[in-house]
Amino acid sequence: MSKPKILVVDDERAVRFALREYLEHHGFSVDEAETCAQGEERYRRDVYDAVTLDYALPDGNALELLPRLKAIDAGVPIVLITAQGSIDLAVRAIQLGAEQFLVKPVDLQALQLVLERVLENQRNRRRQVAKAVDRPRRELDLFMGTSAAIRRLEEQAQRAASAESPVLIQGDTGTGKSELARWLHNHGSRAQEPLLELNCGGFTREFLDTELFGHEKGAFTGAVNAKVGLLEAANRGTVFLDELGDMDLQIQPKLLKALEEKRFRRLGEVHDRKVDFRLIGATHRNLEALVQDRLFRADLFYRVSAIQVTVPPLSERAEDIPDLARSLLDRITEEWGREPVRLAPDALVGLQRHGWPGNIRELRNVLERALLGARTLLIEAMDLDFASSPRPLSEAAGSRLTLREMERFHIAQVLKEEGGRVEAAAKRLDIPRSTLYQKIKLFGLS
């Protein structure tokens, strides 16, 4: 992660030099500006963690510049520095959004302490934003079990957490990709910064654009206020984009620019903004096949898949199911405020024999239904209800199928035989590619 970045706005070269030398020696990165216009331009084009602002400048004063800076980005703390140490000036500066007020000559050690304090306050505010969109819950041990598949996952995750490059999490629906993304953030260098999440599936291009990048006031009908986008709000932290394969093609080049150049524009804005974030993406779809079908940009695929982590399906780790089921059941009873419940040996055998096409999500649903119907504190095989879970295709093929099941089975088989290539499968099925995508989404196929 980069150092905290400070913009020093002061018309005296000696003051700027002294502040730069001291702050850079103490772990900050410093940019300089000597006028209101230059300070506003740099503030608009870059992302700063804090600003030190001299009161008297050649083309104006701090009380005139403060509202303009706050209109661009209200979240950056500004420390006013002035030779005019009046109480009235301090009150007006605070009212306009200044975080602190220091009188010249500035004690550099005192300035350092002030900056460290306002930066910590800023981090706390960002954490509060992240907590507001992320409901706290007891974490499940993602690497529970002894299977070779789960050990490979743990090894991949450990390597990914220690890096800064984008991560692509792949795996079937219900395997726990979102939980793994949170684990990677919490065990990486940005753990003390916010993790903000967005599911890219099923949303319009306009919605994704404004959610990711934000918009300016008046950018479109109904935009009565400016909006800070997800990338900007997650500055210094992590952005997790679930269902990345469903992202609109017109949004993809904007995300690529933000990843490669650390720059983006709000909707309706003419200047770039700089941002520092780590991307974690997740998908159950075959992105390489989407690239071949021109539904996902190749350059973006290569950028987001710098590090790839594959979450194994539950069917590849049957030996882990007993421990996983017990842990999930403890979690459910705790969430529901129920007494602890045990799984009988015959119930554990039944759980291991099931195919689990819905993976961990399906396992949790089965356990919840069993807990709702249990008459004692022991769940037995007879209490397990798999009827509401989708059947594995191999099992469905040998039974009497409904028309819907037959269609699902046939589409899945063709996709498998064509290696997940949608265009080739659509030709074999003699349906438009767009129709096939609708079927894939309807039937939950990968």
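Note on the chain: Cα-Cα pairs beyond 40 Å make up 34% of the total pair count.
For the range 179-238, treating each Cα as an identical point scatterer without solvent, what Debye log10 I(q)/I(0) comes out at q = 0.18, 0.28 1/Å? The Cα Debye sum returns log10 ratios of -0.71, -1.10.
Close amide H contacts of D59 (hydrogens built in the peptide plane, cut-off under 5 Å, sequence separation of 5 or more or a different chain): C36.
The distance linking the range 317-376 with the range 50-114 is 58 Å (Cα centroid to Cα centroid, whole angstrom). Note: relative contact order over the range 17-87, using C-alpha pairs below 8 Å and six or more positions apart, is 30 percent. Computed from the C-beta positions of A37 and K441, the FRET efficiency with R₀ = 41 Å rounds to 0.20. Where in the range 9-46 does the amide nitrogen come within less than 17 Å of the point 7 Å from the Cα of Q112, taken along Cα to Cβ? Backbone N within reach: 17-30.
Antiparallel as a % of all DSSP beta bridges within the chain, to the nearest 5? Spell out each step's value before the answer.
Details: 6 of 43 bridges.
Counting only bridges with both partners in the chain, antiparallel ones make up about 15 percent.
What you get for the chain, charging only the Cβ of Lys and Arg (+1) and of Asp and Glu (-1), is a dipole of about 840 debye around the Cα centre.
Values of log10 I(q)/I(0) for the range 148-310 across q = 0.12, 0.14 Å⁻¹ run -0.51, -0.70, by the Debye formula with one identical scatterer at each alpha carbon and no solvent. Working note: Cα gyration tensor of the range 135-224, eigenvalues times five, square-rooted, sorted largest first, giving semi-axes of 33, 15, 12 Å.
With neighbour counts taken as other beta-carbon atoms within 10 Å, the residues V106, V239, V349, V309 rank, fewest first, as V349, V106, V309, V239. Spin-label model, V349/I87: points 7 Å from Cα along the beta carbon direction are separated by 8.4 nm.
If R0 equals 30 Å, the separation of the Cβ atoms of R151 and E24 corresponds to a calculated FRET efficiency of about 0.10.
Once backbone amide H atoms are built at 1.01 Å from N, E197 has F240 as its partners under 5 Å, excluding neighbours fewer than 5 places away on the same chain. Spatial offset of the range 199-215 relative to the range 227-294 amounts to 10 Å, using the alpha carbon center of each.
Would you kindly give the portion of the calculated P(r) for the range 5-132 that falls above 23 Å, as a percent of all Cα pairs? Kindly include the intermediate steps, with their values, before the conclusion.
Details: 2005 of 8128 pairs.
Tail fraction, whole percent: 25.
Using every pair of separate Cα atoms, the Kirkwood estimate puts the hydrodynamic radius of the range 249-353 at 18.1 angstrom. For the pair I94 and R361, a Förster radius of 35 Å applied to the C-beta separation gives a FRET efficiency near 0.10, rounded to the nearest 0.05.
To the nearest 500 deg cm²/dmol, what mean residue ellipticity at 222 nm is calculated for the chain from DSSP H runs of n ≥ 4 alone, each contributing -39,500 (n - 2.57), summed and divided by the residues? Here the helix-only value at 222 nm equals -14000 deg cm²/dmol.
Its relative contact order, with pairs defined as Cα atoms under 8 Å and 6+ residues apart, puts the chain at 13 percent. Normalised by 2.2 N^0.38 Å, where N is the number of residues, the C-alpha radius of gyration of the range 316-383 stands at 1.01.
Taken together, the values in this text are just the output of simple stated rules run on the coordinates, not laboratory data. All of these numbers come straight from a predicted model, not from anything done at the bench. So basically every Cβ, Gly included, is an ideal-geometry build from the backbone, and we count neighbours across all protein chains shown.
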